[in-house]
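What follows is a single structure, written as structure tokens, with notes after it.
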Amino acid sequence: MARAPFETTPSPWWDAGRHADRRPFLLARNRVKAALRRWLETQGFVEADTAILQVSPGNEAHLHAFETTLVSPDGSRRPFYLHTSPELACKKLLTAGETRLFTFAPVFRNRERGPLHHPEFTMLEWYRAGEDYEVLMHDCAALLRVAAEAAGATRFRHRGVDVACSAEPQRLTVAQAFAERAGIDLLATTPDGLPDLAALAAAASRAGVRVAADDTWADIFSRILVERIEPHLGRSGPTFLTEYPVSEAALARPKAGDPRVAERFELYLCGVELANGFGELTDPAEQRRRFEAEMAEKARVYGERYPLDEDFLAALHHMPPASGIALGFDRLVMLATGADHIEQVLWTPLPYDTGGDP
């Protein structure tokens with residue numbers, strides 16, 4: 001597919017000339033969505049439309065939500081949020097009895113705009129009750145093939161990196177990646193799953209990674225991941241980065257046999273983070289503890305916190321073992337069409353007088 005240039009100061013998306021440039025990408029988006037939906041339905045998944053308005057947008061420290069106000073018929077007012085993910089609603093549906101479900105969900109994240117980010121985007125999430133999270137990696141591999149075929153692509157492309165659509169997926173643990181790319185024994189800094197800030201700070205300094213006086217263990221972990229590891233992932237084939245430290249997997253259960261790591265993986269392709277999968281945590285007390293820790297960190301860094309969804313925590317008492325995954329649908333379309341910027345594959349992106357990097 002021909003690549004449409006993305007201008008530094010673009011005309012409005014509704015400009016006829018600009019729309020004509022973007023239209024091939026948008027039609028490919030429709031074909032990819034229809035093909036993914038068909039594949040999921042043939043695997044026995046049921047599509048669900050989850051509510052966007054929620055009492056809690058999610059409880060991850062560094063995700064920022066849009067807040068609104070619900071006005072009741074009696075005039076009383078109550079804060080609500082646009083969800084940052086449909087995850088909590090999907091897990092309630094698992095509790096209700098659904099066993100395989102998926103959703104193409106509009107999601108909203110504040111403070112995010114750039115070539116790979118937009119304040120409103122589409123998340124494809126799917127869940128398997130009673131099934132191991134390993135099967136999600138096989139799902140991802142199949143969906144990549146389906147997307148490529150629907151887009152008419154033989155190679156995934158993004159900003160000078162291209163990968164054959166036929167390339168076999170690779171696996172790499174987070175600990176392996178830290179050892180290979182930074183020379184750091186990551187798990188030695190998480191004895192019994194508890195982050196040791198001094199140990200990781202010392203290891204990072206020896207590796208030449210900047211460490212600030214007020215850094216947390218998670219800050220240093222993220223910096224090493226972003227600077228030393230992520231740029232190398234998914235450049236010769238889809239790469240699953242697996243076994244995240246348990247402290248970096250707020251919604252995932254610990255891996256059997258090693259409490260230092262969790263049943264969490266991320267999928268990278270062409271250097272782009274594409275999906276995030278879990279063996280789902282179903283312990284409501286532990287989930288509450290993790291949510292509260294995340295909100296304490298949010299309050300420390302940003303001076304705000306979001307409420308917990310008590311309805312979700314009540315449902316978690318009855319939720320079956322499950323695995324689930326969130327995939328950035330717009331990013332997948334970008335890679336399958338060779339688009340340079342996420343707004344090339346969005347039908348109606350926000351105008352630029354709202355701010356952000358074009």
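Since every read-out is calculated from the coordinates, none of them should be taken as a lab result. Every value quoted in this text rests on a predicted model; they were computed, and no experiment measured them. Reconstructed Cβ throughout: ideal geometry from the backbone, glycine too, with neighbour counts over all protein chains shown.
Data overview
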quantity	calculated
Mean residue ellipticity (222 nm) of the chain, computed from DSSP H runs ≥ 4 via -39,500 (n - 2.57), nearest 500	-10500 deg cm²/dmol
Under Karplus coefficients 6.51, -1.76 and 1.60, residue-wise ³J(HN,Hα) of region 211-225 in Hz, glycine/proline x	10, 9, 4, 9, 5, 8, 4, 5, 4, 5, 4, 5, 5, 5, 4
Per-residue Cβ neighbour rank within 10 angstrom, fewest leading, 325, 229	229, 325
Footprinting exposure proxy for 125, 120, 304, 266 (fewest neighbouring C-beta atoms within 10 Å first)	304, 120, 266, 125
For region 75-142, average projected area of the Cα convex hull in nm²	7.2
Unit charges at the beta carbon, dipole of region 123-192: most positive-side option, 130, 174, 156	156
Per-residue HN-Hα couplings for region 138-150 [Karplus 6.51, -1.76, 1.60; θ = phi - 60°; Hz; x = Gly/Pro]	5, 4, 4, 4, 5, 5, 4, 5, 4, 5, 4, 5, 5
Leading residue at positive end of dipole, the chain (Cβ point charges), from 270, 249, 140	270
C-alpha center-to-center spacing [region 50-91, region 113-156] in angstrom	25
At R0 = 51 Å, FRET efficiency that the Cβ-Cβ distance of residue 179 and residue 16 yields, to 0.05	0.45
Overall form of the chain per C-alpha gyration tensor (a/c, 1.5; a/b vs b/c)	rounded
Most fluctuating residue given options 36, 70, 332, as computed from a GNM of the chain linking Cα atoms under 10 Å	70
Amide proton proximity set for residue 131, modelled H, under 5 Å, gap of 5+	323
Chymotrypsin sites (Phe, Trp or Tyr not before Pro) within region 11-79: DSSP coil, no more than 11 neighbouring Cβ in 10 Å	14
Max mean-square fluctuation residue, GNM over the chain, Cα-Cα springs under 10 Å, options 339, 275, 293	293
Extreme residue, positive dipole direction of the chain, given options 316, 183, 344 (C-beta unit charges)	344
DSSP-assigned coil residues among trypsin sites (Lys or Arg not before Pro) in region 150-218, each with at most 12 further Cβ atoms within 10 Å	210
Cα gyration tensor shape for region 85-232, rounded if a/c is under 1.5, else prolate or oblate	prolate
Within region 264-358: Cβ-based charge dipole about Cα centre, in debye rounded to nearest 20 (Lys, Arg +1; Asp, Glu -1)	240
Candidates 176, 43, 54: whichever shows maximal mean-square fluctuation once the chain is modelled as a Gaussian network with Cα springs under 10 Å	43
Charge dipole (debye, nearest 20) of region 191-332; +1 at Cβ of Lys and Arg, -1 at Cβ of Asp and Glu	420
Percent of beta bridges antiparallel (DSSP, region 45-156, rounded to nearest 5)	90
Computed magnitude of the charge dipole of the chain (debye, nearest 20; Cβ of K, R +1, Cβ of D, E -1)	840
Neighbour cut-off at most 14 other Cβ (10 Å), DSSP loop, GluC sites (Glu not before Pro), region 36-77	none
